[in-house]
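Asker: Following this message is one structure expressed as structure tokens.
Read-outs throughout are calculated quantities, based only on the coordinates presented, and are distinct from any laboratory measurement. As the structure is a computational prediction, the values presented were derived from the model and not from experiment. Virtual Cβ from ideal backbone geometry, glycine too; neighbours counted across all protein chains shown.
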Amino acid sequence: MKKTLFGLLVAASIMALPVSAQQVLRLSHNASPGNPKSEASLLFAKLVEEKTEGRIKVEVGGAAQYGEDVESLTNMRLGTLAFSANSQGPTSGVVPEFSVLGLPFLFKDLEHAYKVIDGPVGDKLAELADAKGLVLLSLWDNGIRHVSNNVRPIKTPADLEGIKLRTPPDPVTIDIFTALGANPTPLAFSELYIALQQGVVDGQENPFMNIYSTKLHEVQKYISMTAHKYETTPFLASKIVFNGFSKKDQALIKEAAVEAAKFNREESLKSDAKLRQVFLDAGLEINEIDSAPFIEKTKGVYDKWRKDYPEMVELVVSEARD
């Protein structure tokens, strides 16, 4: 009887011990497996769980499993989604100043873009995002963008005339291709492959890594090295969710986001040279361009955005010039 009573007391005392609950949070993105955005998201999840010693677990929903970018932004602002490796275009729908990073022919190369966004420009964007209920944890990379299509090689701005070109829902991109004479057609990225396959649009614009991971090269004939703009991948957290973490865990999450950003950028830098040969082997025609006439035709884009967002344009342009 005494042994039984002792056993019950021990069991009760064990049950009374505090159990550390694991917080499970979701991360959304629209990329396919193998894309640097997808791989960096998985790394972020792994790092967060390691750094918080299992207190926080991040479940990654890629290929828009947890919603397209616009939906993810809404859910983060409501506090029903924790993280998103989002896209510059949709993010600019909430924080318009993100679009300024996509002004035409602004950056020489990826390293030049990284230098600019990692300074006062990134700090300003973080401040603006915070005011809209979003925490900018780090700026990942979405590459220098090129045009692909099924009609003809794009060698001069005149070659774009009449071409129905899918763009993200990003006003600067739309302004660029309107100025160049194309017919810009905003469309969700997840719908792009079928739209190209069925001829709903003639072409699109993306960095090589996005073209490859979504297999867009299977339904395109020509890639033109326009390098017309750069885009980031804003890695964002819900301010509502983030403010619920301890200061310690906030710092650890930011560390994980910065480490994931470094990995993401390294993978992006590797992709262009490698994928160019992949596309050639697949039978695509790749052509270089003389950027001067494209730059001339898109000068008005700067004028428009200087009028609407003078401070941000001045900051970005001056930082890019240094």
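Asker: Once you have the Cα-Cα distance between residue 65 and residue 314, take 0.36 nm times their residue separation minus that, and quote the gain in nm to one decimal.
Answerer: Stretched out fully, the residue 65 to residue 314 stretch lengthens by 85.9 nm.
Asker: Pull up the DSSP beta bridges for segment 23-321 and report the antiparallel fraction as a percent, rounded to 5.
Answerer: DSSP beta bridges in segment 23-321 are roughly 55 percent antiparallel.
Asker: Please give the calculated 222 nm ellipticity per residue for the chain, where each DSSP H segment of at least 4 residues contributes -39500 (n - 2.57) and the sum is spread over every residue; nearest 500 deg cm²/dmol?
Answerer: After summing the helix terms and dividing by residue count, I get -14500 deg cm²/dmol.
Asker: Now, a different point. How many nm is it between the label spots at residue 22 and residue 108, if each spot is 7 Å from the Cα in line with the beta carbon?
Answerer: Here the modelled spin labels are 4.8 nm apart.
Asker: Here are some values of Cα Rg over 2.2 N^0.38 Å: [x] 1.05; [y] 1.15; [z] 1.00. Which one was computed from this structure?
Answerer: [y]
Asker: List the aspartates and glutamates whose Cα sits under 16 Å from the Cα of residue 164, skipping any in the same chain fewer than 8 residues away.
Answerer: Result set, ordered by chain and number: 175, 191, 202, 205.
Asker: Comparing 115, 164, 155, which has the greatest mean-square fluctuation in the GNM of the chain with Cα pairs linked when under 10 Å apart?
Answerer: Greatest mean-square fluctuation among the candidates belongs to 115.
Asker: Hey, another quick one. Take every Cα pair under 8 Å in the chain that's 6+ residues apart, average their separations, divide by the length, and report that relative contact order as a whole percent.
Answerer: 25 percent
Asker: Greater than 22 Å separation of Cα atoms is the criterion. Which listed pairs, 57/274; 37/297; 132/254; 51/132, meet it?
Answerer: 57/274; 37/297; 51/132
Asker: Right, something else. With the crude spin-label approximation of a point 7 Å out along Cα→Cβ, what separation in nm comes out for residue 243 versus residue 183?
Answerer: With each label placed 7 Å out from Cα toward Cβ, I get 4.7 nm.
Asker: Counting Lys and Arg as +1 and Asp and Glu as -1, what is the net charge of the other residues whose Cβ lies under 15 Å from the Cβ of residue 254? Write out the running numbers ahead of the final one.
Answerer: Numbers: positive: 51, 239, 247, 248, 262; negative: 50, 118, 123, 130, 249, 255, 259.
Net charge in that neighbourhood comes out at -2.
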